[in-house]
1. Give the separation of the Cα centroids, the range 119-133 to the range 52-102, in Å.
2. Once the dipole of the range 3-146 is set up with Lys and Arg at +1 and Asp and Glu at -1 on Cβ about the Cα centre, which of VAL48, ALA7, GLY89 lies farthest towards its positive end?
3. Fewest first, what order do PHE81, PHE16 take by the number of other Cβ atoms within 10 Å?
4. Against the longest principal axis of the chain, how steep is helix 3-29, in degrees 0 to 90 to the nearest 10, with axes from Cα atoms?
5. Test of understanding: ordering LEU131, LEU47 by Cβ neighbours within 10 Å, fewest first, what list do you get?
6. Rg/Rh for the chain: what does it come to with C-alpha atoms and Rh from Kirkwood?
7. Nothing charged except the Cβ atoms of Lys and Arg (+1) and of Asp and Glu (-1): what's the magnitude of the dipole of the range 3-146 about its Cα centre? Round to the nearest 20 debye.
Amino acid sequence: MSSIHLALTILVIVLFTAAGVVGALAWWAVRPSDLFWRLLRSAQAALVALVALDGVLLALGREFDGGLYYLYVLLPVGISFIAEQLRIGVAETVLEARDLPSAAAVGELPPDEQRSIVLTIVRREVGVMTLAALTCAALVVRAAFLAPAF
């Protein structure tokens, strides 16, 4: 593994792990966290850079261990995509559970109830994305053990 590839792999692992820890703490405390979203988006961007670098290395003829490496590096991309889709559906699910036709209907509720609904949505979004971040971190760790030194 080249030093750039190794550094990028470590960066992806650290960012996803940090996002997972910060997200778990925010979920537990039932509070929004800008730091969580910044870490998560940075981890996702670093993952895209790692996959792009792997594509370049593959095009140059540098293959990793029999395809398993690529599975462990590409799965986090798919998991991130699926988690984003689940996150998008969270608000709708919460609103339907409270028999609210739209987000505009939330604005007509008393302030305490509005805050409760918003915090419920945020907590579920953070929960989904935290689980995805920790799963991605574990998969990239596994991929790192399959990447040979070159």
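Quick note: the coordinates plus some simple rules give every number you see, no bench work behind them. Note that the structure is predicted; figures quoted are calculated from it, not measured. Virtual Cβ from ideal backbone geometry, glycine too; neighbours counted across all protein chains shown.
1. So the separation of the two Cα centres works out to 15 Å.
2. Highest projection toward the positive end goes to ALA7.
3. The fewest-first ordering by Cβ neighbours comes to PHE81, PHE16.
4. Roughly 20 degrees between the two axes.
5. Arranged by neighbour count, lowest to highest, LEU131, LEU47 become LEU131, LEU47.
6. Rg divided by Rh gives 1.11.
7. For this selection, approximately 380 debye.
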